[in-house]
Amino acid sequence: QVQLVESGGGLVQPGGSLRLSCAASGSIFSIRSMGWYRQAPGKQRELVASIISGGRTTYADSVEGRFTISRDNANDTVYLQMNSLKPEDTAVYYCNAFLRRSRWGPVNEYWGQGTQVTVSS
């Protein structure tokens, strides 16, 4: 069994900052990539940022320069530092991981339960 547990969401004023964390636990052999998606009411889930095992990162245009994704490989944890938050960043943020549970097993996708981020004055 694999679990992705997010934390760090909440209510913040425009221009403020939040840091999200996501820890992967369970039977994990290796993690290929981890990332953050978000889904606002009435909208499709979208990629916010991702980071692969080698450290290469990808960001949505809407968060480039404001958000920073980082990863602690030793603890199978990914972080999302969100600065200069805007009301349009309001959404449920989901942690995502592609990982193997054994040396020769397949790479499967896993999701966290989501954490609410609300940007409002």
- Query: Does the stretch 42-51 contain at least one residue that is open to solvent by less than 50 Å² (accessible area, probe 1.4 Å), of a type outside the set (Val, Ile, Thr) and within 10 Å of the chain's Cα centre (by Cα)?
  - Reply: yes
- Task: Of all residues in the stretch 80-117, count the ones that are farther than 22 Å from Asp61 by Cβ, open to solvent by 40 Å² or more (accessible area, probe 1.4 Å) and in contact with a strand residue (DSSP E or B) (Cβ under 6 Å, 6 or more places away or on another chain).
- Result: 7
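If I filter the stretch 58-67 down to residues being assigned to a strand (DSSP E or B) and open to solvent by less than 60 Å² (accessible area, probe 1.4 Å), which single residue comes out as nearest to Tyr79 (Cα to Cα)? Outline the logic, then answer.
Pass one, the stretch 58-67, residues assigned to a strand (DSSP E or B): 58-59, 67.
Going one step further and asking which of them are open to solvent by less than 60 Å² (accessible area, probe 1.4 Å), we end up with 59, 67.
Numbers: Tyr59: 13, Phe67: 10 Å.
Among residues in the stretch 58-67 that are assigned to a strand (DSSP E or B) and open to solvent by less than 60 Å² (accessible area, probe 1.4 Å), the one nearest to Tyr79 (Cα to Cα) is Phe67.
Looking at Asn73, is it over 20 Å from Gly9 (Cα atoms) and either open to solvent by 40 Å² or more (accessible area, probe 1.4 Å) or modelled with pLDDT of 95 or more (or both)? Talk me through it step by step, then tell me what you get.
Details: over 20 Å from Gly9 (Cα atoms): yes; either open to solvent by 40 Å² or more (accessible area, probe 1.4 Å) or modelled with pLDDT of 95 or more (or both): yes.
Yes: the conditions hold for Asn73.
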- Task: Give the residue, chosen from Ser70, Ser84, Ser50, that is of a type in the set (Ser, Thr, Tyr) and part of a loop (DSSP other than H, G, I, E, B).
- Result: Ser84
- In the stretch 1-39, residues that are in a loop (DSSP other than H, G, I, E, B), closer than 23 Å to Trp104 by Cβ and under 15 Å from the mean Cα position of the chain (by Cα) total 0
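The values are calculated or read from the model by the stated rules, or taken from the named source; none is laboratory data. Keep in mind that what you see is a predicted model, and the values were worked out from it rather than measured. Quick reminder, even Gly has a Cβ in these numbers, built from the backbone with ideal geometry, and neighbours come from all protein chains shown. Each accessible area value is taken on the protein alone, full model and side chains, heavy atoms only, with ligands, DNA and RNA left out. Shrake-Rupley method; radii C 1.70, N 1.55, O 1.52, S 1.80 Å.
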